[in-house]
Amino acid sequence: MALPRILLNLGLDSLLAALALPPALWMASPGQWPPASWWVAAIPGAVAALLVAGLPVRLPQQYWRFAGLRDLVAVVGAGIGGALLFALGLHAADGWAPDNVAFPLIHAFSLTAFLLAPRILAPLKQAHRVGQPSEEPSRPVLLVGTGDAADLFIRALQQQRTPDYRVVGILARWPRSAGRRIHGHPILGGLEEAGDVLERLRAENRVPSAIVLADPDLHGPALEELLDAADRNGVVVKRAPRLTALDPARRQTQVARRVDLRPVAIEDLLDRPQVPLDREGMARLVQGRRVLVTGAGGTIGGELARQVAALGPAQLALLDHGEFALYGIDLELAESHPGVKRRALLADVRDAARIARLMEDVRPELVFHAAALKHVPMVENDPLEGLLTNALGTRVVADAARAVGCLAMVFISTDKAVNPTSVMGASKRLAEMYCQALDVQARHHAQGGSQGSGQGGIQGNTMRCITVRFGNVLGSTGSVVPLFRRQLERGGPLTVTHPDMRRYFMTVREAVGLVLQASVVGAEDRQDQPPELADGGIFVLDMGNPVKIVDMARRMVRLAGLRPDEDIEIRFTGLRPGEKLYEELFHGQEPPRPTQFPGLLVATPRTADAALVGRAIDEIAQAARLGHAKAALAQLARLVPEFDHNPGTAPAAKA
């Protein structure tokens, strides 16, 4: 605190100490009054006693406007200490003193009251001083939650000169809280009573304009039930700002801080439990190592780069074919992790010579291969591009990484590789087969006993090739959620290909966290490692239950405060080329097997010899470069016999 402010506090506290003495004397001895000469020494003595008692608790350094409970306790201590010191001074001076033996206690009460009053009134005076006056009436809201977030939300409203919202009541997570109050606002019932509470408020003509979720942990079925109750009563549901955005203690100026509500995210309805992850193992795997992420500008690659950067790699190389996407993730990491050494590499994973030179230059110890063409209809339109990127590109990266002694490569696959009906899915299955073959070869070589063990338990010169398969990621580029949001902004319609279409979904952060967990399990030599990995097993993320796309569309319409099929049309457009109604995570011949690690399953799809698969990929690539689509797809079908191509209206293949 600046010296002028400290001196001002000293002066104000001295004045309060002087003002507190006369009423204390009057209350202690109403019929007695000291002579005028007594005051000449008593007033300075009372001031000095308070200043001495206030030094240990730093009374002059308090910021009155932001006084908290600890500050007020310190004031009480200073008041009591000042009164006792003053009483001792009177006794030592052996002069006039009140006859009442309780005078020190009365003086302590008076002094403490005088000191506390401005410190309590200052914050109250600040309330309702923020922001410009407005003629717009405050909108009534029903608050959900009784924790710190609800407390801060109400206090943030109290600080506004004209609050944007007016709390008409509170819904608690538990019904036993009903009848109590928070900042004078009644708790009207439990969360499961939301429908009854809304109907009661409607009957009283106090229906809220919105339900505000102050509880950040409200997700899944409980949230969906609340949305149903709100929908029946025509009330929208919004989320309160983050706790840090509401904290009134952080406001140091008179600048208005609006309480901006935000929509409930579709991710909140997934209700996926938090999976415990081996953070120490991840740090052991990544820390101090050179890491390369391909497709770093994409949704999965970008999140991989973020989480890897947080684990402290020696160097993080970001590779992508798109200039702007690469620039974006490089700039973001420069701001969020400035201490991590980075390299941004523009390259095409299909360019074997370029990738080999980069691998020689970077010499990564860990490679996360996320680069791929993933959009099913787009790959159906240009199937040869999908084969070159997804199959050949994976082989190019794997071979180049192995050639420079990479310890482990993690290949990001997809549920569309199971019983594929699209070129995208079949090309990823072919890439899976090559990675499986390399991994089986490396593990069998290591088990022969001729290989030493490298850092963190990874075999030093036998590259592990870990495949991780999962479904759709919410909000990823080209996924259905951003499409629905754009369509909602335009006023609809929301387009769904088929009323029975189902997909697996998880959040990108959760998916990448589990990818890193699988990397730790697959790359290190561990006793708890799934035995299936030795036979070409691949990791499959536990995606939970599939979600109907039409249900997701209706939820998003409701989350926007609109009514599906009334305010916003939902239109069915028919299956697109290569699409399936139901995605699968396991082939019929590869039933899921649980592992000891939550969120991770293991599958054992058939494997083939690495040299055989490699030659087949080369033949497919040669046909693709010549534009011989039929030959390339025929070879793909021989390698992936479960490939049941559903080209739909895709362009006819060139002979």
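The values are calculated or read from the model by the stated rules, or taken from the named source; none is laboratory data. Note that this is a predicted model, so its numbers are computed, not measured. Glycine gets a Cβ as well: all are built from the backbone with ideal geometry, and neighbour counts include every protein chain shown.
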Every residue from segment 44-84 that is within 17 Å of Leu8 (Cβ to Cβ) and among the charged types (D, E, K, R): Arg58, Arg65, Asp71
Of Glu303, Glu225, Glu280, which residue is exposed (fewer than 14 other Cβ atoms within 10 Å of the Cβ), at pLDDT 75 or above and not hydroxyl-bearing (Ser, Thr, Tyr)? Glu280
Of everything in segment 14-36, what is within 16 Å of Ala117 (Cβ to Cβ) and at pLDDT below 90? Give them in sequence order. none
Given (1) over 26 Å from Glu566 (Cβ atoms); (2) among the small types (Gly, Ala, Ser); (3) at pLDDT 85 or above, number of the condition Gly195 does not satisfy: (1)
Test for Thr507: is it within 23 Å of Ala391 (Cβ to Cβ) and crowded, with 16+ Cβ neighbours inside 10 Å: no
Residue, surrounded by the most Cβ atoms within 10 Å (Cβ to Cβ), within segment 31-76, restricted to residues that are of a type in the set (D, E, K, R) and either in contact (Cβ under 8 Å) with a residue 60 or more places away in the chain or closer than 21 Å to Leu7 by Cα (or both): Asp71
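Per-residue answers, yes or no, for (1) part of a helix (DSSP H, G or I); (2) closer than 22 Å to Gln436 by Cα; (3) of a type in the set (Phe, Trp, Tyr):
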{"position": "Ser519", "(1), (2), (3)": "yes, yes, no"}
{"position": "Val550", "(1), (2), (3)": "yes, no, no"}
{"position": "Arg554", "(1), (2), (3)": "yes, no, no"}
{"position": "Arg576", "(1), (2), (3)": "no, no, no"}
Verdict on Leu575 being farther than 18 Å from Lys416 by Cα and touching a residue at least 12 places away in the same chain (Cβ under 8 Å): no
With criteria (1) modelled with pLDDT of 80 or more; (2) touching a Pro at 6+ places or on another chain (Cβ under 7 Å); (3) not assigned by TED's automatic domain parsing to the domain that holds Ile43, Tyr165 comes up short on (2)
Given the criterion touching an Asp or Glu at 6+ places or on another chain (Cβ under 9 Å) and at pLDDT below 80, identify the matching residue among Asp260, Asp247. Asp260
Which one of the conditions (1) over 27 Å from Leu51 (Cα atoms); (2) of a type in the set (A, V, I, L, M); (3) modelled with pLDDT of 90 or more does Val130 fail to meet, given that it meets all the rest? (3)
Looking only at segment 445-493, which residues are at pLDDT 80 or above and assigned to a helix (DSSP H, G or I)? Leu483, Phe484, Arg485, Arg486, Gln487, Leu488, Glu489
In segment 9-64, what count of residues is obtained for those that are in contact with a Phe, Trp or Tyr (Cβ under 7 Å, 6 or more places away or on another chain), of a type outside the set (Gly, Ala, Ser) and part of a helix (DSSP H, G or I)? 3
Go through segment 391-444 and give me each residue that's under 22 Å from Pro530 (Cα atoms) and among the acidic types (Asp, Glu). Asp415, Glu432, Asp439
Taking the residues in segment 365-388 that are touching a Lys or Arg at 6+ places or on another chain (Cβ under 6 Å) and under 20 Å from Asp320 (Cα atoms) as candidates, determine which candidate is surrounded by the most Cβ atoms within 10 Å (Cβ to Cβ). Glu365
Evaluate the following for Glu642: is it among the charged types (D, E, K, R), at pLDDT 80 or above and surrounded by fewer than 17 Cβ atoms within 10 Å (Cβ to Cβ)? no
Yes or no: segment 166-173 includes at least one residue that is free of Cβ contacts under 8 Å to residues at least 40 places away in the same chain, surrounded by 14 or more Cβ atoms within 10 Å (Cβ to Cβ) and farther than 17 Å from Ala149 by Cα. no
Which residue pairs have Cβ atoms under 6 Å apart, sit 6 or more places apart or on different chains, and have a first residue in segment 321-342 that is small (Gly, Ala, Ser) and a second that is buried (at least 19 other Cβ atoms within 10 Å of the Cβ)? Gly322/Gly297; Ala325/Gly297
Working only within segment 186-220, note down all residues that are in a helix (DSSP H, G or I), on the phi < 0 side of the Ramachandran plot and either out of contact with any strand residue (DSSP E or B) (no Cβ under 8 Å at 6 or more places or on another chain) or outside the structural domain of Asp151 (by TED's automatic domain parsing) (or both). Glu192, Gly195, Glu199, Arg202, Ala203
Within segment 312-323, does at least one residue satisfy the condition of being out of contact with any helix residue (DSSP H, G or I) (no Cβ under 9 Å at 6 or more places or on another chain), more than 18 Å from Val508 (Cβ to Cβ) and of a type in the set (A, V, I, L, M)? yes
Go through (1) more than 32 Å from the chain's Cα centre (by Cα); (2) crowded, with 24+ Cβ neighbours inside 10 Å for Ala437 and report which single condition fails. (2)
Going through segment 524-557 in order, the residues found to be touching a strand residue (DSSP E or B) at 6+ places or on another chain (Cβ under 8 Å), at pLDDT below 80 and surrounded by fewer than 19 Cβ atoms within 10 Å (Cβ to Cβ) are Asp525, Gly544, Pro546
Determine whether Gly561 is on the phi > 0 side of the Ramachandran plot, buried (at least 16 other Cβ atoms within 10 Å of the Cβ) and not assigned by TED's automatic domain parsing to the domain that holds Val379. yes
Considering only segment 141-182, state which residues are under 19 Å from Asp217 (Cβ atoms) and of a type in the set (Phe, Trp, Tyr). Phe153, Trp174
